[in-house]
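The values are calculated or read from the model by the stated rules, or taken from the named source; none is laboratory data. Predicted model only: the values in this text are computed from it and were never measured. All Cβ positions, glycine included, derive from the backbone under ideal geometry; neighbour counts span all protein chains shown.
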Amino acid sequence: MRTAVVLPVKRFGHAKQRLSVSIPDSARQALVRAMVTDVLDAVAAVTAIDLTVVVTREPIAAAAATDRGALIVQDSDQGQSAAVELGIAAAASQGAERVLCIPGDCPALDPAEIATLLSDAEQSPRPDVVIIPDRHGTGTNGLLLSPPDAIAPSFGPGSCARHMTLTQKAGLSCRIASPSSLLLDVDTGADLAALRARLESRPEQAARTRAVLATIIETQAWEASHSAA
């Protein structure tokens, strides 16, 4: 089954604004760039993925995605759902029979888990919609649609329940999956702490994100020591 991944990426200057209360703006943008690149590398390592579609107006993200053979679609700047819809349409035009929609802020993404997710769905009698919630169980960190237009994406607060309702209304089957590496996205300082903890036990993952986090920790430690002095 020809499979595409759709990855919406905001302009780095606008992304992850809630992190600004926890880390400096320059560190925030460096972290966003690192996370997106780590996600792109993880996706590229999944042999079952035939096409990656990146929806963005961020030149740095577009260049990194192009280097990895991705198709670039210009974002409409109308929000995540609209961006994903653009990506789905582009994937379908390239012959995709299903799409996996994921965010760019899950840098701990494990290629083996994604491969298993795709394999399990393909073996299901009716693999119409698979929803991957966030770690709080309310948002949506992944949406696998077979076919690509099974339902219209509707991300944002409460999107997990909303995607389930849309699937039911369409008369399609729905399954909840929980690959651990896709449950953790990064929006707040608490999410950042959870990411640090996860990566400490997985030194082989997310090299770029890990490097940025190390720099942030060193800077915070230096500032704390000098303010105390």
Candidates Ile102, Ile49, filtered to the one that is at pLDDT 95 or above, buried (at least 24 other Cβ atoms within 10 Å of the Cβ) and within 16 Å of the chain's Cα centre (by Cα): Ile102
Tally, over segment 122-164, of residues that are in a helix (DSSP H, G or I) and buried (at least 22 other Cβ atoms within 10 Å of the Cβ): 2
Inter-residue pairs, beta-carbon under 6 Å, first farther than 20 Å from Ser124 by Cβ and in segment 137-153, second polar (S, T, N, Q), 6+ apart: Gly139/Ser159; Pro153/Ser81
Qualifying residues in segment 107-121 (those that are in contact (Cβ under 8 Å) with a residue 60 or more places away in the chain and in a helix (DSSP H, G or I)) - the one surrounded by the most Cβ atoms within 10 Å (Cβ to Cβ): Ile114
Checklist (1) assigned to a loop (DSSP other than H, G, I, E, B); (2) closer than 25 Å to Ala61 by Cβ; (3) modelled with pLDDT of 90 or more applied to Gly171, failing item: (2)
Odd one out for Ala61 among (1) in contact with a Pro (Cβ under 6 Å, 6 or more places away or on another chain); (2) under 23 Å from Asp191 (Cβ atoms); (3) buried (at least 24 other Cβ atoms within 10 Å of the Cβ): (1)
In segment 17-32, residue surrounded by the fewest Cβ atoms within 10 Å (Cβ to Cβ) [restricted to those that are in contact (Cβ under 8 Å) with a residue 40 or more places away in the chain and either acidic (Asp, Glu) or part of a helix (DSSP H, G or I) (or both)]: Val21
